[in-house]
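Trainee: Structure incoming, see below.
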């Protein structure tokens with residue numbers, strides 16, 4: 001890893017080779033973009049993203065999609081949890097499929113035509129679920145869409161808990177060119193950081209129980225996942241805030257001697273397609289941990 005010297009404070013080893021020894025093109029894609037910092041239009045990146053589209057998990061997800069765009073129940077985007085439309089669309093974004101994917105945009109349009117209420121809210125979705133949905137819309141190039149922008153603004157009034165604020169910050173990131181959303185994001189970052197005692201900062205999470213609220217998950221569908229919070233804060237360049245230091249300390253402590261992290265909880269029983277299993281060394285968790293460390297080191301230099 002070219003920047004290993006700068007990262008020795010946080011990494012016990014160079015995990016690059018292990019991360020790249022995989023047939024999962026999503027891991028390779030995000031390594032190229034977020035760790036090697038290659039541009040999105042680089043030939044190798046575009047080729048890898050195309051491989052993501054035709055990867056087994058993505059094709060399995062698409063095979064379960066209704067032809068008009070939804071998964072499961074057309075009237076409920078979130079239920080059953082981690083299996084319905086919202087979660088599959090969010091997962092496709094997390095896997096890194098092409099942003100102009102026809103089938104993903106069919107899902108987005110289905111939602112906007114059938115589930116977006118007149119008041120700008122999404123029918124039957126709470127604020128946490130809406131945050132994950134906004135994230136998917138932002139990924140699939142809807143940040144300038146007036147319908148989605150209105151929904152993002154409306155959700156400012158629903159940031160009424162730690163979980164809601166964290167998920168909405170995740171969703172709002174692509175919409176922060178809008179002054180109202182940027183202001184809401186900054187306000188809610190401060191509120192999240194002020195609530196540290198409510199979340200068990202500083203290693204208070206019981207990691208002997210892999211179902212604990214703060215443990216590391218993939219997909220990151222738990223807004224109390226501490227690594228998820230670090231990813232959220234890193235996207236707003238706040239991962240170097242002194243109040244975040246206990247979470248960084250925990251992150252560093254949880255790696256093994258090869259700079260690999262374990263998946264502490266999975267959602268495989270509920271997902272359309274399984275991924276890594278809880279308790280095993282995880283490329284996804286390691287990738288996400290290194291993403292955070294990259295942002296932190298860049299902020300400190």
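Trainee: Could you run through segment 152-177 and say how many residues are part of a helix (DSSP H, G or I), over 16 Å from the mean Cα position of the chain (by Cα) and either under 13 Å from residue 130 (Cβ atoms) or not assigned by TED's automatic domain parsing to the domain that holds residue 128 (or both)? Write out each step before concluding.
Mentor: Filtering segment 152-177 down to residues part of a helix (DSSP H, G or I) leaves 152-158, 162-175.
Checking the rest, the ones that are also over 16 Å from the mean Cα position of the chain (by Cα) come to 152-158, 162.
With the extra rule that they be either under 13 Å from residue 130 (Cβ atoms) or not assigned by TED's automatic domain parsing to the domain that holds residue 128 (or both), the set shrinks to 152-158.
Total meeting the criteria: 7.
Trainee: Of the residues that make up segment 8-30, is at least one in contact with a helix residue (DSSP H, G or I) (Cβ under 6 Å, 6 or more places away or on another chain), assigned to a helix (DSSP H, G or I) and within 23 Å of residue 109 (Cβ to Cβ)?
Mentor: no
Conditions (1) more than 29 Å from residue 257 (Cβ to Cβ); (2) not assigned by TED's automatic domain parsing to the domain that holds residue 235, marked per residue:
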residue	(1), (2)
22	no, no
26	no, no
29	no, no
34	no, no
39	yes, no
47	yes, no
50	yes, no
66	yes, yes
69	yes, yes
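Trainee: If you don't mind, another one. Helices (runs of 4 or more DSSP H) wholly in segment 210-301 with at least 2 residues that are surrounded by fewer than 17 Cβ atoms within 10 Å (Cβ to Cβ) and at pLDDT below 95 - which ones? Spell out the reasoning first.
Mentor: On the way: elements: 226-235, 245-253, 283-300.
Correct list: 245-253, 283-300.
Trainee: Let me ask you something else. Please go through segment 95-109 and give me each residue that is outside any loop (DSSP other than H, G, I, E, B) and either buried (at least 19 other Cβ atoms within 10 Å of the Cβ) or touching a strand residue (DSSP E or B) at 6+ places or on another chain (Cβ under 7 Å) (or both), ordered by number.
Mentor: The first filter runs over segment 95-109 and keeps only residues outside any loop (DSSP other than H, G, I, E, B), leaving 95, 102-109.
95, 104, 107, 108 - these are the residues of segment 95-109 that are outside any loop (DSSP other than H, G, I, E, B) and either buried (at least 19 other Cβ atoms within 10 Å of the Cβ) or touching a strand residue (DSSP E or B) at 6+ places or on another chain (Cβ under 7 Å) (or both).
Trainee: Here's another thing I want to ask about it. Can you pull out every residue in segment 178-196 that is farther than 22 Å from residue 222 by Cα and in a helix (DSSP H, G or I)? Give the steps one after another, and end with the answer.
Mentor: In the first step, residues of segment 178-196 are kept if they are farther than 22 Å from residue 222 by Cα; the result is 178-183.
Those that are farther than 22 Å from residue 222 by Cα and in a helix (DSSP H, G or I): 179, 180, 181, 182, 183.
The values are calculated or read from the model by the stated rules, or taken from the named source; none is laboratory data. Note that the structure is a prediction, hence the values are computed from the model and not measured. Cβ sites come from the backbone with ideal geometry, for glycine too, and all protein chains shown count toward neighbours.
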